[in-house]
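Read the structure below first, then the notes.
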Amino acid sequence: MLIGHGQKAWRIVRVEDLIPGDWSERAVQMWHDERMPDPWQRAPFRVIVTPVKGGDEHMMTVEPWHFITWHVLPEHYAICAECGEPAPCIGHLSAVEAAREIERASEAMELPDGFCPACREPITHRQKVFRFAGENLLNPLGSPMVRFHQRTKCRGAAAAYEEKWVAADASRERSLLTLRCEGFVTVHADGSGECHGRNDGIDCPNIYARHRMATSCAYLSHGCPKCPPGSRHGCRLASGLNTDGSPS
């Protein structure tokens, strides 16, 4: 079987299962959080490939958090006449993206002040908004205060803008739109939570930040000493918690 990966075509030689001793620390933690099922459907494995025209073997490790999809190529696949990459090549994709950026920039320049850049609808004084002060990164001639609705459909565009906004000035602080933590959140029956990451969660910026994973304490292999047996559990944090996840 041929697959496309990293703008190259590869031939799959074999697939190898990994024993728990060869798993990454993060994979082992996820396995424990799910009560160590055997077999585990999300167990890590390796895919051994070689270039289509022959060469050294390459190893791809598929982890539990990877979104497993393969771009399968036919034996006779199209290539770019300019660079030889499988079509569509990176050059073509870059040209398409550049055209889209020009179109988006033109639309942003045409948007009047006081309109949400995401939904392109007017913002009223009663609506909740995300505010970004400083240089307008969408329209240099526009208002220095860029505002997005706090609607669900506008959050993605607001988060993308915050990424650019923070990158433009290192002194700016992220909001919960883009705040992330590399730890794992355990949610208790009362809706409180704990972050289990580096330094036992001490470095966690906010319990409501986007974490790698959130699980109920009911799935802990050793049980939860904080919650009574038989209590109802979920993976959703309660509102109004302190930044460390404790009840306010």
Problem - Top-ranked residue in region 41-62 [being at pLDDT 90 or above and in contact with a helix residue (DSSP H, G or I) (Cβ under 8 Å, 6 or more places away or on another chain); ranked as nearest to Met1 (Cα to Cα)] - result: Pro44
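Anything in region 74-97 that is assigned to a helix (DSSP H, G or I) and farther than 21 Å from Ala159 by Cα? List them, or say none. Walk me through it before giving the result.
From region 74-97, those assigned to a helix (DSSP H, G or I) are 90-97; that's our starting set.
The answer is Ile90, Gly91, His92, Leu93, Ser94, Ala95, Val96.
The rows are residues; the columns are (1) of a type outside the set (A, V, I, L, M); (2) under 16 Å from Arg151 (Cβ atoms); (3) exposed (fewer than 10 other Cβ atoms within 10 Å of the Cβ).
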{"residue": "Ala98", "(1), (2), (3)": "no, no, no"}
{"residue": "Met109", "(1), (2), (3)": "no, no, no"}
{"residue": "Cys116", "(1), (2), (3)": "yes, yes, no"}
{"residue": "Cys119", "(1), (2), (3)": "yes, yes, no"}
{"residue": "Ile123", "(1), (2), (3)": "no, yes, no"}
{"residue": "Arg126", "(1), (2), (3)": "yes, yes, yes"}
{"residue": "Arg131", "(1), (2), (3)": "yes, yes, no"}
{"residue": "Gly134", "(1), (2), (3)": "yes, no, no"}
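Going by the structure shown, is Thr186 of a type in the set (Val, Ile, Thr) and touching a Ser or Thr at 6+ places or on another chain (Cβ under 7 Å)? Outline the logic, then answer.
Values: of a type in the set (Val, Ile, Thr): yes; touching a Ser or Thr at 6+ places or on another chain (Cβ under 7 Å): yes.
Against the criterion (of a type in the set (Val, Ile, Thr) and touching a Ser or Thr at 6+ places or on another chain (Cβ under 7 Å)), Thr186 qualifies.
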Problem - Residue match in region 106-123 (condition: among the acidic types (Asp, Glu), without any contact (Cβ under 8 Å) to a residue 24 or more places away in the chain and not in a loop (DSSP other than H, G, I, E, B)) - result: yes
Practice task
Name, by its number, the condition in (1) free of Cβ contacts under 8 Å to residues at least 40 places away in the same chain; (2) out of contact with any helix residue (DSSP H, G or I) (no Cβ under 9 Å at 6 or more places or on another chain); (3) surrounded by 15 or more Cβ atoms within 10 Å (Cβ to Cβ) that does not hold for Val146.
Solution key: (2)
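The values are calculated or read from the model by the stated rules, or taken from the named source; none is laboratory data. Being a predicted model, the structure only gives us computed values, none of them experimental. Neighbour counts are summed over all protein chains in view; Cβ atoms, including those assigned to glycine, are modelled from backbone coordinates with ideal geometry.
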